[in-house]
Amino acid sequence: MKINMTREDFVKKAYPYAKMVLDNFGVQPIISISQAAHESNWGNSDLAIQANNLFGIKATEGWVKKGGKVWVGRTFEYINNEKVYLKDGFRMYDSWEASFTDWALLISQSSLYKQAYEYAKKGLVKEYAEAILTKFDKNGKVIKWGYTTDKDYPKKLVEVAQVVRKIANEKLGIQI
């Protein structure tokens, strides 16, 4: 099943959940909407359509033990700067609201994302994206796991944020 959601429709649908995340966790909407847009291909990825997972959050053993539903699908990771495709399990949600809430809990409560959370509360997109990167040594060995293995993630997220902000401000009359 494919849905061809426009970027404007995505921002319009995501904004109430981003506002909820702002009210409950202090994360600026530009961060949550931009990351959801990037991770879900503006709501058009199979993961977003079939599992309401807008942030690409993987299903951990703890998620499964708590009774969380799992969606299995094709994804990719960057290993030694090469894009490698693989199958993996992702968290499955009943709604976009649940996806936004779970992402906000992850960002706000995990010690792994402590610095990123501070940037997210200030709406600093580039700094936030840099703080969630997986860190590698010169041999490609992981020093510190993060949200993404894509070294170009900060650049990509900043570009998405510029589009999100333009749509919100100019087409929807929302200042973010």
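FYI, it's all coordinate maths here, none of it is from the lab. Just so you know, these numbers come straight off a predicted model, no measurement behind them. FYI the Cβ positions are ideal-geometry reconstructions off the backbone, even for glycines, and counts take in every protein chain you see.
Data overview
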item: Dipole in debye (nearest 20) - the chain, about Cα centre, beta carbon charges: Lys, Arg +1; Asp, Glu -1; result: 160 debye
item: Farthest toward positive dipole pole in the chain [+1 Lys/Arg, -1 Asp/Glu at C-beta], among 103, 140, 37; result: 140
item: Alpha-carbon centroid distance for the pair region 18-34 / region 69-107, whole angstrom; result: 19 Å
item: Equivalent-ellipsoid semi-axes of the chain, from the Cα gyration tensor, Å, largest first; result: 24, 20, 17
item: Helix-only CD estimate at 222 nm, as mean residue ellipticity for the chain, using -39500 (n - 2.57) per DSSP H run (n ≥ 4); result: -14500 deg cm²/dmol
item: Residue order, fewest to most beta carbons within 10 Å, for 74, 165; result: 74, 165
item: Equivalent ellipsoid semi-axes - Cα gyration tensor, region 1-63, angstrom; result: 19, 17, 8
item: Under Karplus coefficients 6.51, -1.76 and 1.60, residue-wise ³J(HN,Hα) of region 59-66 in Hz, glycine/proline x; result: 8, 8, 4, x, 4, 5, 4, 7
item: Cβ-based exposure ranking for 76, 90, 100, in which fewest neighbours within 10 Å come first; result: 76, 90, 100
item: Residues 108, 34 arranged by fewest to most Cβ contacts within 10 Å; result: 108, 34
item: Region 82-154 shape via C-alpha gyration tensor axes, a/c threshold 1.5; result: oblate
item: Among the listed pairs 114/171; 12/151; 83/126; 58/141, those beyond 25 Å (Cα-Cα); result: 114/171; 12/151
item: Calculated from backbone phi, Karplus (6.51, -1.76, 1.60) coupling profile of region 112-123 in Hz, x at Gly/Pro; result: 4, 10, 4, 5, 4, 4, 4, 5, 4, 5, 8, x
item: Of 97, 127, 82, the one that fluctuates the most in a GNM where the chain has Cα springs shorter than 10 Å; result: 82
